[in-house]
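First comes the structure, then the notes that go with it.
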Amino acid sequence: MKLYYSGNSPYARRARVAVREAGLLNQVEEINLGDRADRMDVLLANGPGAKVPVLATADGVAIWESLIICKYLDEVSGGKLYPADRAERQTTLQLEAMGSVLMDALFVRSREKRRDPGEQSPGVIELEAERARRTYDALEAMGSRLDGRLDNGCFTIVATLGYADWRHPDDDWRDGRPKLLAAYDALMQRPSLADTAPVF
C-alpha cells in the first residue's frame, strides 16, 4: 500500500498515526508529496478530489478522506483502532467527531487568514474561532474520560491540537484546560504521535 501525504496536514497526520497504531507501517509506503512538481498529477491519478491524504491499496483502489482511510486500516488490522465494546466505541466516535469538527474549524480559519487582507471574511474567521473555543472547552469537560484511551478518537484529538499549535498558537488551548493538556502530554509519548508531529 502507498499513503500519499503532506507533512503538516492534520488530516494526513491522522492517517499516518493510524498506520502506526494499526501495526501496518511495514505494509504501507509513505510518500510525502510536499512541494513536488508532480504533486497534482499524482493526486489526480488517485481521485478527483486531489487532496491528501490518499491511500492506494494493494488491490489498486484509491481511498481518500482520512476518516475513511482510518476505517479501512482498522479493518485490515483486525480492529486495532476502534474498541469492540459498544459503549467504548461510542465514546471513540464522539471524540473522533469532535476532533474532526475542530480540525475543520482550524483549517478553514487558517485558509481564510492566508488570503489577501481585502478578500478575508472577518465573520468566517470569528465563526470558526468560536467553534474551536467551544470544542476545546468540550474536550476539557470530558475530563477523566480521556485518561488512558488509545483509539482513533484520541489520536484525532492530538493530531488536531498539534495543528492548532502550528497554525493558531494564539488560541492557547492549554490555558485553563489542565485535563486536556494532561491527556495530550501523555499521548504525545507514543511514538506514533511523536514521530508525526508537525515541524515548524
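Results, tabulated for the structure shown:
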| item | result |
| --- | --- |
| Test: residue in region 122-139 that is touching a Pro at 6+ places or on another chain (Cβ under 9 Å) and not hydrophobic (A, V, I, L, M, F, W, C) | no |
| Residues of region 144-163 classified as at pLDDT 95 or above and part of a helix (DSSP H, G or I), total | 12 |
| Test: R16 is closer than 20 Å to L106 by Cα and not assigned by TED's automatic domain parsing to the domain that holds L150 | yes |
| Selection status of W166, assigned to a helix (DSSP H, G or I) and either surrounded by 15 or more Cβ atoms within 10 Å (Cβ to Cβ) or of a type outside the set (S, T, Y) (or both) | yes |
| Which numbered condition W64 misses (of (1) outside the structural domain of I31 (by TED's automatic domain parsing); (2) in contact with a Pro (Cβ under 8 Å, 6 or more places away or on another chain); (3) at pLDDT below 95) | (1) |
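The values are calculated or read from the model by the stated rules, or taken from the named source; none is laboratory data. Not measured: the values here are computed from a predicted model. Glycine also receives a Cβ, built like all others from the backbone with ideal geometry; neighbour counts cover every protein chain displayed.
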